[in-house]
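The values are calculated or read from the model by the stated rules, or taken from the named source; none is laboratory data. All values reported here derive from a predicted model rather than from experimental measurement. FYI the Cβ positions are ideal-geometry reconstructions off the backbone, even for glycines, and counts take in every protein chain you see. These accessible areas exclude ligands, DNA and RNA; they are computed on the full protein's heavy atoms, side chains included. Shrake-Rupley method; radii C 1.70, N 1.55, O 1.52, S 1.80 Å.
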Amino acid sequence: MLRVRGGGLWLGRRWAAYPYSKFPVYARDANGDGQHELFLTDVDNEVNSTISCRNHQGQVRWQKSLSETPAQSIVWMAGGHFVDQTRLDLLVVVQSGLIGECFCLQSDTGETLWRMAELKTADGTPFHFGSHAPFLA
């Protein structure tokens, strides 16, 4: 029904899942219209990691290059209401080696809402995105 080029999410240690064609695809309703969009990561050696959002027919809705990130470094994505309860957002964790960063994107446009490498819990303990278990973010 649909064939498009793209990668998905990381499934293990940095190099354990190579080649990247083994990654699953992430899908969610990006704009609240009841239809799921596909979120695909880069599979080529672009300058930066890139996310593509495609509709149910495979047409590109938007594409976002994540500045100052290595190609193929996206390890985790999750959807939810992270900035505004009326809008769906996409949390994207990138990792190069042991250090990670998190981008919060508006899921229907790809606009970057915020970017950070570290959060602090209520007691001040730092949490580094993508450090060893990106799924814990």
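Taking the range 103-133 only, how many residues are modelled with pLDDT of 90 or more and touching a Pro at 6+ places or on another chain (Cβ under 9 Å)? Going through the range 103-133 one residue at a time, the tally reaches 0. Checking each residue in the range 86-101 for being at pLDDT below 90 and either of a type outside the set (A, V, I, L, M) or on the phi > 0 side of the Ramachandran plot (or both) picks out T86, R87, Q95, S96, G97, G100, E101.
Is it the case, given these coordinates, that Q85 is over 15 Å from V25 (Cα atoms), open to solvent by 60 Å² or more (accessible area, probe 1.4 Å), in a strand (DSSP E or B) and not hydroxyl-bearing (S, T, Y)?
For Q85, the condition - over 15 Å from V25 (Cα atoms), open to solvent by 60 Å² or more (accessible area, probe 1.4 Å), in a strand (DSSP E or B) and not hydroxyl-bearing (S, T, Y) - is not met.
Filtering the range 26-71 to residues that are loosely packed, with under 14 Cβ neighbours inside 10 Å and assigned to a strand (DSSP E or B) leaves V60, Q63.
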